[in-house]
Amino acid sequence: MIRRSLLLAPVLLAAPALAQRAPAPPQGAALTERDRADLARVEAYLNAMTTLRARFLQIAQNGAAAEGTAWISRPGRMRFEYDPPEPLLLVADAGQFLMYDRELRAPTTVSVGSTPLGILLRREVRLSGDVTVTGVERAGGFLRVTMFRTSEPGEGRLTLIFNPDPLELRQWAVVDAQRRETRVTFSRIETGMRLPAGLFQFNNPMFFEPGGFGARQATGN
């Protein structure tokens, strides 16, 4: 369990209930006109993205790694199905993030609204007001936007990494309240497909079973 907790704790999204608060991160960046234009593009891209399916590679601060399939259905829904032997499942629905360990049959839940990654699942993404942008960077052929929830600066930070032209989300990094970073990189990205509601519903009879509903959807069946 030690390896898994080190791998997944930051992906439970720096929730204040699971981590001691750290000192507040830097204040909002002084944005240039170019920065504002790029943020407007990012907002438009995220708000137009209704569904996404992709393979992911997750790497934790301690080097632990896991792969799997991710689904996002905006607003409000997300599922990370980890490949065996990793027994963990991470799902967002109905305002809650649920992490489930299939070996222990143990669920953990936190509010979507209390996590940095919940910013992506809002009905309307706005990178201002209750979201503070701390940096807009362009390097190595990527656009990086770092942010935190304005009202909870100590809970953690989220960085979104995009291919700039055409704009496409390729990676995110979550830094939790203890300053541990977890990176998730996406490949084989598909968008705009229809995703069945059962992928995200905790009461689905096959929801928690290895090789069940989520595994079949990974192949589009």
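Here, each number is a calculation from the coordinates, and none is a lab measurement. Remember, predicted model here, so these are calculated numbers, not experimental data. For neighbour counting, all protein chains shown are included, and Cβ atoms are generated from backbone atoms with ideal geometry for every residue, glycine included.
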- Vicinal HN-Hα couplings computed from phi for segment 183-190 (Karplus, 6.51 cos²θ - 1.76 cosθ + 1.60; Hz; Gly/Pro x): 10, 10, 10, 9, 9, 6, 6, 10
- Query: Residue by residue through segment 42-47, which ³J(HN,Hα) values in whole Hz follow from phi under the Karplus form 6.51 cos²θ - 1.76 cosθ + 1.60 (θ = phi - 60°), with glycine and proline marked x?
  - Reply: 5, 4, 4, 5, 5, 6
- Message: I'd like the chymotrypsin sites (Phe, Trp or Tyr not before Pro) in segment 80-117 restricted to DSSP loop residues with at most 10 other Cβ atoms within 10 Å, sorted by number.
- Response: none
- Calculate one ³J(HN,Hα) per residue across segment 125-130 by plugging θ = phi - 60° into the Karplus curve 6.51 cos²θ - 1.76 cosθ + 1.60, and present them in order as whole Hz with x for glycine and proline. 8, 10, 8, 6, x, 7
- Percent of Cα-Cα distances greater than 22 Å, calculated over segment 18-157: 48 percent
- Highest to lowest packing among 186-193, 47-54, 116-123, scored as the average C-beta count within 10 Å: 116-123, 47-54, 186-193
